[in-house]
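Derivation of every value follows stated rules applied to the coordinates shown; laboratory data play no part. Note that the structure is predicted; figures quoted are calculated from it, not measured. Note: ideal-geometry Cβ built from the backbone for every residue, glycine included; neighbour counts use all protein chains shown.
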Amino acid sequence: MAPAPYSRVFVGIERIVAVSGSRVYILSSTTGDVIASHPNASSKEETCKQGPIVAAAVNEAFTYLLTVGETKMMQLWKLPQLDLINERELPKRPTGLAFTSNNQTILVSDKFGDVFSYSLEFTPPTTKPIPDEFSSHENPSDGKLVLGHASPLTAFLLSQDEKYIITADRDEHIRVSRYPQGYNIEMFCLGHCKYVSAIHLPAFSPDILISGGGDPDLKIWNWMAGECIGEVRIWESVEPFIAVKNIKGKRAEDGEGGEGSVTNKRKGKGKKKGDGRDDDEVNEQEGETVPDITEEKVLVVNKIASLQSKRKDFLLFSAVGATALFAFRYPKGSVENFDFGHPIIDFTVDQGGNIWVSLDTSLSTPGTESLRDDQLVRVIQIDENSKLSEVSHSQQNQGLLKSLNETCSNSDSPDKSLDFYADLKGMPKWSEPSSQTSADKEQDTKESSPSDTTTSTPTSKKTLAKRKELRMKNKLNVLAKMQSKTESEDNNTPMVPVSAAEKEKSGTVRPLADVEGTELEEDERETKRAKSGVPNGDAEMHS
């Protein structure tokens with residue numbers, strides 16, 4: 001079994017923090033010796049219950065570490081010995097963690113669309129808080145709400161002076177709000193057509209914002225003015241290196257398996273208790289068609305960073321499932337790449353300008369498996385020709401790399417590892433027409449055409465006749481009851497004609513002639529439903 005990759009690697013001057021599965025390692029940046037690790041023998045069982053670490057962050061001085069597992073327990077550690085300071089429960093699974101510059105406040109964004117702030121010091125409450133009936137969800141750890149979005153937050157960051165907080169969500173929005181008064185919205189940066197998954201403020205120019213996600217280009221903003229001042233086309237550069245494709249089927253697009261996932265299992269159908277047949281055998285014997293499964297490349301920008309090399313400014317970025325790291329010179333320069341042969345999980349830039357890249361060695365570019373290095377962490381740089389190249393062995397810290405690639409490597413079982421490629425199906429909105437291929441659109445149009453009535457099967461005709469009979473019977477019963485009630489109240493009251501406007505009102509009783517007059521239109525709609533396989537509400541209600 002291949003070693004579990006490092007989900008996060010933080011490189012400091014004195015120490016390195018590496019996160020792999022549910023494990024954390026603290027290493028010396030000079031010697032590569034392991035200073036501390038977690039879990040140890042006494043805490044291994046408890047850590048296994050929390051599952052893999054889904055989010056982590058360190059402060060600028062590398063004195064504190066934050067980790068959050070699948071149980072949504074946020075743990076604060078003192079570095080370098082990994083002493084647990086406190087832990088608290090979060091209301092939702094986090095999408096991002098950060099420290100403020102004074103190390104007194106922790107910021108957490110979550111999939112509910114909120115950003116909460118927490119004090120570094122925390123004392124667990126002795127009594128259980130009283131639920132608030134007006135709150136959509138409770139915060140069990142006394143977090144203060146900074147701001148909220150209507151869709152899941154994908155990224156956030158503070159401005160250099162920490163007067164503003166910039167947030168991005170899955171609905172193409174980038175918002176600039178005041179901090180900590182997040183309810184004061186300063187500006188929106190609108191222009192993305194798809195989700196925004198990564199944002200970055202370059203150290204060499206903090207007045208500009210770089211954003212990327214599902215669009216074929218990165219956007220450059222004057223974020224205080226909300227103005228897009230430039231774009232960098234990246235799709236043609238990234239697409240050849242996307243090794244992990246998303247599997248998308250026509251059915252189960254909005255199921256529990258996640259958007260875009262294919263679900264072949266059916267609950268309570270086709271397989272009785274004690275039946276040893278699998279789903280494929282049942283489907284074949286029952287004559288059901290297996291949903292079409294297609295693989296497609298999806299662009300999700302994972303991370304954006306910046307560095308200065310040889311007095312030149314560069315921007316770096318990676319994409320989910322791509323085997324190459326990309327860079328270009330700012331403000332003008334072509335997109336360069338360095339292909340590792342394995343999907344990139346994370347990368348970070350140290351103060352010397354070296355780029356540390358974490359790789360998923362369990363996957364490789366097809367056809368090149370035997371030619372690739374299986375190191376979990378590799379180090380590259382930008383050379384004098386503004387190209388990405390690997391750091392020579394003489395310049396590398398061999399002891400540190402050996403510790404990362406051998407000593408600290410572990411083999412967590414698959415059920416304890418993270419899904420590093422979940423964003424490929426979680427970010428895109430597959431319900432949008434643009435997500436369908438042209439072939440799918442043409443086939444769907446053909447199948448739903450009302451003019452083609454020769455392809456109706458006997459089963460569909462029988463179902464259609466039964467639905468029509470039940471619907472008409474129900475309408476006649478309702479009209480008879482209403483007419484009887486009206487006559488009993490006043491037999492001499494003349495019938496008032498129903499106007500066209502009243503016919504459209506909910507609850508308006510229509511004359512029988514009007515009901516029969518619309519039968520042709522409803523027959524056409526029933527034909528469409530029978531062809532498309534969409535169930536009829538009336539038939540299900542009265543069956």
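Which shape class, rounded, prolate or oblate, goes with the stretch 148-210 when its Cα gyration tensor gives a ≥ b ≥ c as root eigenvalues, a/c under 1.5 marks rounded, and past that a/b bigger than b/c marks prolate? List each step's numbers first, then the result.
On the way: a/c = 1.92, a/b = 1.19, b/c = 1.61.
In terms of gyration-tensor shape, oblate.
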**Message:** Cβ neighbours within 10 Å, averaged per peptide: list 296-304, 387-395, 224-232 in order, most packed at the top.
**Reply:** 296-304, 224-232, 387-395
**Asked** What base-10 log of the normalised intensity I(q)/I(0) is obtained for the stretch 1-43 from the Debye formula, alpha carbons as equal point scatterers, at q = 0.20, 0.22, 0.33, 0.34 Å⁻¹?
**Response** -0.65, -0.75, -1.12, -1.14
**Message:** Between Thr31 and Ile293, what is the label-point separation in nm under the 7 Å Cα-to-beta-carbon projection?
**Reply:** 5.1
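A 31 angstrom limit on the alpha carbon distance is what I want to check against. Which of Lys49/Lys303; Lys219/Lys429; Lys312/Lys429; Lys92/Lys402; Lys248/Lys473; Lys194/Lys402 exceed it? It would help to have the intermediate numbers written out before the result.
On the way: Lys49/Lys303 29 Å; Lys219/Lys429 21 Å; Lys312/Lys429 38 Å; Lys92/Lys402 37 Å; Lys248/Lys473 42 Å; Lys194/Lys402 41 Å.
Beyond 31 Å: Lys312/Lys429; Lys92/Lys402; Lys248/Lys473; Lys194/Lys402.
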**Message:** For q values of 0.16, 0.18, 0.22 Å⁻¹, compute log₁₀ I(q)/I(0) with the Debye formula on a Cα-only model of the stretch 7-98, without solvent.
**Reply:** -0.59, -0.75, -1.13
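Sort Tyr118, Tyr195 so the one with the fewest other Cβ atoms within 10 Å of its own Cβ comes first.
Tyr118, Tyr195
Subtract the Cα-Cα distance of Thr71 and Lys245 from 0.36 nm times their separation in residues, and report this length gain in nm to one decimal. Could you put the intermediate results ahead of the total?
Values: separation 174, 0.36 × 174 = 62.64 nm, distance 2.87 nm.
Once the chain is fully extended between Thr71 and Lys245, it gains 59.8 nm.
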